[in-house]
Structures are given as structure tokens and as C-alpha cells.
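The values are calculated or read from the model by the stated rules, or taken from the named source; none is laboratory data. Just so you know, these numbers come straight off a predicted model, no measurement behind them. For neighbour counting, all protein chains shown are included, and Cβ atoms are generated from backbone atoms with ideal geometry for every residue, glycine included. Surface accessibility is based on the protein's heavy atoms, side chains included, excluding ligands, DNA and RNA. Shrake-Rupley method; radii C 1.70, N 1.55, O 1.52, S 1.80 Å.
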Amino acid sequence: MTDKRRRIRVVNPNSNEAVTRGIDEALGSLRFSDGPEIVCSTLAEGPFGIESQKDIESVTVPLRRMVETDNASDAFVIACYSDPGLHVCREGTSRPVFGIAECGVLAALSRAERFGVIGISQSGLPRHARYLRQMGLMERFAGERPLNMSVAEIASGDQTLSRMIEVGRALKDENGAGALVMGCAGMARHRAQVEDTLASR
């Protein structure tokens, strides 16, 4: 008798399937035959993009419901840089619930003294800074610069990669960021190219 294979559910809390496909593609290198099953899903009740506090609040209850009713998954990942519903979901289950902002920032802190964030839009910067203040990390925060694109444009636009490289380079050269965090799950498919390009100079 073999042990049941573990399952991690990665949830895109917006309803944009292109974002979910990009996340799923980016996770390809983490899938192993002897590792946990990684399943990506889209929150159908979510807005097309999470770009405001209102959007964040609107998905909290649906995410909590998902965690409470999914008995097949051993852990959950909320794939949105705003970490919507993170603590509400943790309250609703004994299984691990991870938010990509919290995890991404903590990973960056293990790689560099100061980190920067590639954001979506100017309007989201104060909200992200508030979250980092709550985490007590402002002393190691080099800054955030936006792509000035929507979530939909980031997920499917032709200019996303070039803008990420441009903004990432400015965060490194002008803000002094030693590590970069992507401020939107829709950027996931470009991570390797951005990392390779910026690390090579």
C-alpha cells in the first residue's frame, strides 16, 4: 500500500484564466514525479484583476469558503501579491496557507540586505507599503516601482517582459535593491528571463 500523494492547491484569486495559465506554466520546474501534486485553479467569483483594496476584500469570503470545503488539498497558496484573505483562510483550516507576497519577501530577505518590488500601478504602491510596514520590514525595503500596466495587460501583453527588465534594472541601479520581488502573480511566467537578464550585468 502506497501513501497518498500530497496535493498543493495554488489559487489565482482573480477570474483571469490567462493569469492562472501563466502561474501554472511558471510552476512547471517544481513538479516532480515523487513530489506533491501542484494544482492551479481560478477563483471564478473574483474580479478580473485585483488592483484595489475593494478587490482584495471582495475575494476574502470566497477564498475562506474554498479552503474550508476543499478536503483533497494538503496546503494552499494564494497567488496574488496582495495576499487577500490570508489570515482569514489560515483561521479556517489547520492546513498550511501561504501568500506569495509574504513568501516572496521573506525569500528575498534571505538573498539580499535590501529588496525591491516590481509593482503593477502607481495606485497600488501605498497599499503594498502598508503591508510591508505591518510586517516590520521597511528598513530593508529599497522601494517599489510600477510597470503602469493592468493585471490583464501584464498577463497577456507583449511589453510585459521588457518593462519588467527596465523597472527591475532601475530598482537595482537606482534604489539599491539586491533582490527583486514580483508584485503580481501575472508576472510569474517572466521570472526566469528577468532573473537571467538582470543577473548577467
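Of note:
- Of the residues contained in the stretch 62-75, one or more are found to be among the hydroxyl-bearing types (Ser, Thr, Tyr), touching a residue at least 60 places away in the same chain (Cβ under 8 Å) and open to solvent by less than 50 Å² (accessible area, probe 1.4 Å).
- Among all positions in the stretch 41-51, there is at least one residue which is open to solvent by less than 50 Å² (accessible area, probe 1.4 Å) and part of a strand (DSSP E or B).
- Of the strands (runs of 3 or more DSSP E) contained entirely in the stretch 97-175, those carrying at least 1 residues that are within 22 Å of residue 50 (Cβ to Cβ) and touching an Asp or Glu at 6+ places or on another chain (Cβ under 8 Å) fall at 97-99, 115-119.
- Set side by side, the residues 189, 169, 133, 201 differ, and just one is over 26 Å from residue 15 (Cα atoms) and at pLDDT below 95, which is 201.
- Candidates are the residues of the stretch 160-191 that are without any contact (Cβ under 8 Å) to a residue 40 or more places away in the chain and either out of contact with any helix residue (DSSP H, G or I) (no Cβ under 8 Å at 6 or more places or on another chain) or hydrophobic (A, V, I, L, M, F, W, C) (or both); the one that is most open to solvent (accessible area, probe 1.4 Å) is 174.
- Identity of the residue in the stretch 9-30, among the hydrophobic types (A, V, I, L, M, F, W, C), in contact with a strand residue (DSSP E or B) (Cβ under 8 Å, 6 or more places away or on another chain) and open to solvent by 30 Å² or more (accessible area, probe 1.4 Å), that ends up nearest to residue 63 (Cα to Cα): 27
- Pairs, first among the small types (Gly, Ala, Ser) in the stretch 124-149, second open to solvent by less than 70 Å² (accessible area, probe 1.4 Å), C-beta under 6 Å, six or more apart: 142/116; 142/175; 142/176; 142/177; 143/116; 143/175
- Lone unmet requirement of (1) assigned to a helix (DSSP H, G or I); (2) open to solvent by less than 10 Å² (accessible area, probe 1.4 Å) for residue 84: (1)
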